[in-house]
Amino acid sequence: MNATQHSTLHPAIRECAEAVAATASGIREEQLQDRTPCEKFTVAELVDHLGGTLLSAARAARKEAQPGEGSAAPAMTPQALADSAGRAAAAWSDPAAYDGTTEFGPGEMPASLAASITLHELALHGWDLAQATGHPFDLGQDTERAAVDVVEQLAEQARSNGSYGPPVPVPSGAPAFHRALGASGRNPAWNG
């Protein structure tokens, strides 16, 4: 059992999932076409992307096969996103989820990496949604540190595949989560 990964990542996944669910529950219909800090997505597109990713993350934690190419993904609403966040957090609560390999994203990978990607998606895209819709996205210090560690772990690969932009400098005394945002190419001061 990968107890260290579970004890570090699961509390952060759970806290971020709760923050995502709270944000999603407050999204209004008229906000769905608004821009987000993630330039690739409107609010509606990000709800759909993140919700689908979290459904896949829950399957990855349970070591279930991912749907095949061309499988229709369920349409995501803000409430469906909130539900998906809860399911992903629940699935990653099992310490055995972090063991071995699993199917996630482009193929098979270490389960602990899939957990890290789940935290990365929840933290960064959760913040994107919160910023775009005027909701708080407050995280505890341990979760902020876990998010920084994951973002820094994934940064080189994410930049090479276009998921992250160039790093945004943040002041040295900035909160840890601001360092994660800057490392991912996001401006922590983004405001529509």
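The values are calculated or read from the model by the stated rules, or taken from the named source; none is laboratory data. Worth saying up front: this structure is predicted, and the values here are computed from it rather than measured. Using ideal geometry, Cβ is built from the backbone for each residue, glycine included, and neighbour counts are taken over all protein chains shown. Heads up: the accessible areas ignore ligands, DNA and RNA and are worked out on the full protein's heavy atoms, side chains in. Shrake-Rupley method; radii C 1.70, N 1.55, O 1.52, S 1.80 Å.
Brief remarks on what is shown
- About the centre of its Cα atoms, the chain shows a dipole size close to 160 debye [charges on the beta carbon of Lys, Arg (+1) and Asp, Glu (-1) only; nearest 20 debye].
- Considering only LEU154, SER112, LEU46, the residue lying farthest towards the positive end of the dipole of the chain is LEU154, judged by Cα position with unit charges set on Cβ.
- Of all accessible heavy-atom area on the chain, the percent that carbon and sulfur account for (1.4 Å): 50
- Listed peptides 13-23, 146-156 by packing density, highest first (mean Cβ within 10 Å): 13-23, 146-156
- Our helix-only sum for the chain, with -39,500 (n - 2.57) per DSSP H run of n ≥ 4 divided by its residues, gives a mean residue ellipticity at 222 nm of -19000 deg cm²/dmol.
- Computed label-point distance, nm, for sites ASP138 and ARG159 using a 7 Å Cα→Cβ extension: 3.3
- Theoretical FRET efficiency, 1/(1+(r/R0)^6), r = Cβ-Cβ of SER172 and SER7, R0 45 Å, to 0.05: 0.95
- For the chain: accessible area per residue (Å², 1.4 Å): 48
- Only one of (1) 51, 45, 27; (2) 40, 38, 30; (3) 55, 43, 31 was calculated from the structure for Cα extents along the principal axes in Å, and its label is (2).
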